[in-house]
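First comes the structure, then the notes that go with it.
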Amino acid sequence: MAGGMEIVRSEWVEQASELPSLVLVLAAGLGPLFWVLGWRIHRALFVAVSTLVGGVYGLVHGPSFGLYPALAAGLLSLSAAGLALALLRIGVFIAVGGLASLVAGETVGSHTDEATRGWIRVVAFLAGGLMSLVCYRMLVILCTSFTGAFLLLVGGLAFAARQGNPDAMAVAADRPALLSAALVLLGLVGVAAQYWVERSRAPRPAK
């Protein structure tokens, strides 16, 4: 079935199975959170990751700025945390715009000259970026739902393979189309679940 739809690859499961069991358990725990509560936690998660990255960068490169590593880590982690939410939408704008520009460039291909193709990519970048701001909530829900579904499937199969279950690798190698369909189905269920969670948490109008 190598020629069919293949989103989940057996190589990913094989490589993930070589990770420590603790990492796979953590992935299995994060999967449902992303899958059902992605929209609720994405801001806090982005701030936490930005703080961690800023702190690690300060520890590693602090001396090159003439600062003690601990001081540089503290300053950069606080700065990253403060800027994280402000940069989140900008990052989404650039990511979605860049993807739209890449797709537009590949679509027009050799049908136009270089100058026209450049303008098409610029327009696609701006249109995609603006669309990401309008559909920001939907994009976050889609991304987190499918990320959670991916972690559940790949992490679960990798953990089973690490525990010595031969069927896990066999399923990943022999039925990629089935796994890919399961990923799409789980992702869509996660999208519906997130919208249901948001709707259930919305304040009800007073009677």
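What to note about this one:
- Multiplying the residue separation of V123 and R137 by 0.36 nm and subtracting their alpha-carbon distance yields 2.8 nm.
- Each of R89 and S64 was given a label point 7 Å from its Cα along the Cα-to-Cβ line. The distance between the two points is 3.3 nm.
- In loop segments of segment 115-197 as defined by DSSP, there are no chymotrypsin sites (Phe, Trp or Tyr not before Pro) with at most 11 further C-beta atoms inside 10 Å of their C-beta.
- Of all the options I41, I120, I141, the one that moves most in a Gaussian network model of the chain with Cα springs shorter than 10 angstrom is I120.
- Springs join every pair of Cα atoms under 10 Å in this Gaussian network model of the chain, and among V191, V36, V96 the largest mean-square fluctuation is at V96.
- With a simple spin-label model that places each label point 7 Å from the Cα along the Cα-to-Cβ direction, the separation between S200 and T116 comes to 5.3 nm.
- Dipole magnitude of the chain about its Cα centre (Cβ charges: Lys, Arg +1; Asp, Glu -1), debye to nearest 20: 1080
- Most positive-pole-ward Cα, V134, L71, L59, against dipole of the chain from beta carbon charges: V134
- Estimated [θ] at 222 nm from DSSP helical runs (n ≥ 4, -39500 (n - 2.57)) normalised by residues in the chain, nearest 500: -29000 deg cm²/dmol
- Of the DSSP H helices in the chain, those whose Cα atoms cover at least 24 Å axially and whose Kyte score averages 0.0 or more: 21-61, 69-108, 114-134, 136-162, 176-201
Values in this text are rule-based calculations from the coordinates and carry no lab data. Since the structure is predicted, the reported quantities are computational estimates derived from the model, not experimental observations. Virtual Cβ from ideal backbone geometry, glycine too; neighbours counted across all protein chains shown.
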